[in-house]
Amino acid sequence: MSTPAPAIHALHENPEWFGVFAEALDAEGLPWVEWQLTDGTLDLAAAPPEGIFWSRISASSHTRDHGLSKDYSRAVLSWLEAHGRRTVNGRRVLELEMSKVDQLTALRAAGIEVPRTVAAVGRDRVVEAARRFTDTVPGPFVTKHNQGGKGLGVLKFSSVDDLADHVASADYDEPVDGITLIQEYVAAADGGITRVEIVGGRMLYAVRGDTERGGFQLCPADACEIDPTTGRPVMPPGATIQMAPDDASSLFSLREGYDDPVVDRYLAFTGDLGIEVAGIENIRTADGRVLTYDVNTNTNYNSGVELSAPASGPREIARHLGHVLREAYPDA
């Protein structure tokens, strides 16, 4: 019986986000297998199939009733790497995806400026952490879930008392890992954030996300922009301008010629940590700081931006995966 040829194994948990990547892999003529890590079994004594393994597991998986995906993925990636299989955005990168604390501490260690942040472990510590935070960082602040994605738990507060009322209310949204971030609130100098798309050690392009209409929920995937019940654009938390009914796609636009010095630091950062696919977000403040606040390692692409971008994100990922496969199996 013949052994299956080495293939690209795509590990993910959300089919709604995967279609464009499937199309890109097919367009490149690459052999690939889809592996949805929602639940299953794992024989630790068995050898993994031959091929390379690309992880697209998302920190927001639990919001799609895939609460097992994070730990299932940890187990699978540990198993794969113990057997010497080549992973793309592997076990270490998964931890970055799942923890903003991990991201922010790694960014700071790399000399990249991040917003002032305090982590509160447990609901009973959130207000205490905010009081200590505002003693040194006056003004409004935001809360975030440590394991986030899609703007989970991101709310702006003008005072600790307002936060205390919220934490005591039925509206309080408990983070899935119990860790809440208290972070300085900064307004974008031009009303938008910048997302730098990186694949295989180079920047593809940069995207502007409109914070005035998009607020704190700037997921670039087309599916994130539409309410699945009404079919209309959502009014995200933190938005200050109401979007027109058919205006969701204009939340994102290409930042042509983006050459901020932070890009070179991002390339060094991703190279040092083995991050091969990422969208890294920053905000330029009115006082000239560039604060990096999020590292997305299961990056999605906005279809509107892709039409004018100098390269296709999904297609470049497929090409990178093809290169990695050929490098791992030169005789296949």
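The values are calculated or read from the model by the stated rules, or taken from the named source; none is laboratory data. All of these numbers come straight from a predicted model, not from anything done at the bench. Neighbour counts are summed over all protein chains in view; Cβ atoms, including those assigned to glycine, are modelled from backbone coordinates with ideal geometry.
Side notes on the structure shown:
- From 78, 73, residue being small (Gly, Ala, Ser), in contact with a Ser or Thr (Cβ under 7 Å, 6 or more places away or on another chain) and not in a loop (DSSP other than H, G, I, E, B): 73
- Here segment 287-302 is the region considered, the condition is being farther than 21 Å from residue 20 by Cβ and among the hydroxyl-bearing types (Ser, Thr, Tyr), and the residue that is surrounded by the most Cβ atoms within 10 Å (Cβ to Cβ) is 292.
- Listed by position, the helices (runs of 4 or more DSSP H) enclosed by segment 260-332 that each have at least 1 residues that are among the polar types (S, T, N, Q), farther than 18 Å from residue 32 by Cα and touching a residue at least 12 places away in the same chain (Cβ under 8 Å) are 262-273, 303-308.
- Filtered by the rule that a residue be over 20 Å from residue 87 (Cβ atoms), surrounded by fewer than 18 Cβ atoms within 10 Å (Cβ to Cβ) and among the charged types (D, E, K, R), segment 307-332 gives a lone residue, 331.
- Among the residues of segment 1-34, the ones that are assigned to a helix (DSSP H, G or I), free of Cβ contacts under 8 Å to residues at least 60 places away in the same chain and either on the phi > 0 side of the Ramachandran plot or of a type in the set (D, E, K, R) (or both) come to 1 in all.
- Flag if residue 151 is touching a Gly at 6+ places or on another chain (Cβ under 8 Å) and either outside any strand (DSSP E or B) or over 20 Å from residue 291 (Cβ atoms) (or both): yes
Conditions tested, residue by residue: (1) in contact with a Phe, Trp or Tyr (Cβ under 7 Å, 6 or more places away or on another chain); (2) in contact (Cβ under 8 Å) with a residue 60 or more places away in the chain; (3) hydrophobic (A, V, I, L, M, F, W, C).
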residue: 72; (1), (2), (3): no, no, no
residue: 79; (1), (2), (3): no, no, yes
residue: 88; (1), (2), (3): yes, yes, yes
residue: 96; (1), (2), (3): no, yes, yes
residue: 108; (1), (2), (3): no, no, no
residue: 114; (1), (2), (3): yes, yes, yes
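- Test for residue 178: is it at pLDDT 95 or above and outside the structural domain of residue 296 (by TED's automatic domain parsing): yes
- Among residues of segment 263-286 being of a type in the set (Ser, Thr, Tyr) and within 15 Å of residue 110 (Cα to Cα), the one that is surrounded by the most Cβ atoms within 10 Å (Cβ to Cβ) is 270.
- Annotation for segment 43-62: at least one member residue is assigned to a helix (DSSP H, G or I), surrounded by 15 or more Cβ atoms within 10 Å (Cβ to Cβ) and not β-branched (Val, Ile, Thr).
- Among (1) touching a residue at least 40 places away in the same chain (Cβ under 8 Å); (2) among the polar types (S, T, N, Q); (3) in a loop (DSSP other than H, G, I, E, B) - the single one residue 143 does not satisfy: (3)
- Options 11, 25, 37; residue that is over 21 Å from residue 98 (Cα atoms) and of a type in the set (A, V, I, L, M): 25
- Residue count for segment 142-181, restricted to those that are polar (S, T, N, Q) and within 26 Å of the chain's Cα centre (by Cα): 4
- Considering only residues in segment 80-109 that are crowded, with 16+ Cβ neighbours inside 10 Å and hydroxyl-bearing (Ser, Thr, Tyr), the one that is farthest from residue 12 (Cα to Cα) turns out to be 99.
- Pairing each residue of segment 171-197 that is on the phi > 0 side of the Ramachandran plot with any residue that is assigned to a loop (DSSP other than H, G, I, E, B) and not hydroxyl-bearing (Ser, Thr, Tyr), provided the two are 6+ apart or on different chains, yields C-beta distances under 8 Å for 178/122.
- Single match in 122, 151 (criterion: at pLDDT 95 or above, outside the structural domain of residue 305 (by TED's automatic domain parsing) and closer than 19 Å to residue 100 by Cβ): 122
- All positions within segment 249-271 that are hydroxyl-bearing (Ser, Thr, Tyr) and over 15 Å from residue 281 (Cα atoms): 249, 250
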